[in-house]
Amino acid sequence: MHGSHAQRIVVIAQRVLGSHDDAEDVSQDVLLDVWRRGDDFDPERGSVSAWVSSIARHRAIDRLRQRERDKSLAEDAARDALTTTNAPGVEPNCDRGSIRRAMAALPAPLCQALELAYFEGLTHREIATRTCTPLGTVKTRLRMALARLQEALGPPAVTSEHVEDES
């Protein structure tokens, strides 16, 4: 496959996905797909470039939709866990809608830290490693997230005593 096709695939995927890393993953999938489906190419329907570009665009859209589904499922699972289990610091009978609104109102870094701590069970150090964030920043984000949830949900829904410090 000509190098310009590979570059075109990355450009198309990056425009759709907004992420160079995801675009490179998609380009590998597309190139493999083109290799496997080479017999499907029909020169009467268009050029090789148009065929490859079409596959790239469809693959990138599929990846975007999957990423959005995965994110939505993870968010729903996290929020459901808050309302259906005795998650630390949250009353089991909290209004599900209130929790969803409170979680959605958190800035992304605070929400991510909270989800990693409570729903994936990661320690502060593990969160710091996974997110490439200083340990102190992780601890601050968790305290801030819990404080904001407490404000939104009202006491005693969330308490900071449930965030364990593992210095």
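The values are calculated or read from the model by the stated rules, or taken from the named source; none is laboratory data. None of these values were measured; they are calculated from a predicted model. Cβ coordinates were reconstructed from backbone atoms using ideal geometry, including for glycine residues, and neighbour counts include every protein chain displayed. Accessible surface is based on the protein model in full, side chains and every heavy atom, while ligands, DNA and RNA are left aside. Shrake-Rupley method; radii C 1.70, N 1.55, O 1.52, S 1.80 Å.
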>> I'm checking my understanding of the structure. Among residues of the range 90-113 that are among the small types (Gly, Ala, Ser) and crowded, with 18+ Cβ neighbours inside 10 Å, which one is modelled with the highest pLDDT?
In response: Ala113
>> Anything in the range 48-70 that is modelled with pLDDT of 90 or more, open to solvent by less than 80 Å² (accessible area, probe 1.4 Å) and under 19 Å from Asp21 (Cβ atoms)? List them, or say none.
In response: Ala56, Ala60, Ile61
> Can you tell me how many residues in the range 28-47 are open to solvent by 80 Å² or more (accessible area, probe 1.4 Å) and assigned to a loop (DSSP other than H, G, I, E, B)?
Replying inline: 4
>> Filter the range 1-25 down to the residues that are under 16 Å from Arg65 (Cβ atoms), buried (at least 17 other Cβ atoms within 10 Å of the Cβ) and at pLDDT below 90 and list them by number.
In response: Leu17, Asp22, Ala23
> Since Ala74 meets every condition but one in (1) modelled with pLDDT under 90; (2) farther than 30 Å from Gln150 by Cα; (3) part of a helix (DSSP H, G or I), which condition does it not meet?
Replying inline: (2)
> Which members of the range 115-153 meet the condition of being open to solvent by 40 Å² or more (accessible area, probe 1.4 Å), free of Cβ contacts under 8 Å to residues at least 40 places away in the same chain and assigned to a loop (DSSP other than H, G, I, E, B)?
Replying inline: Glu120, Gly121, Cys132, Pro134
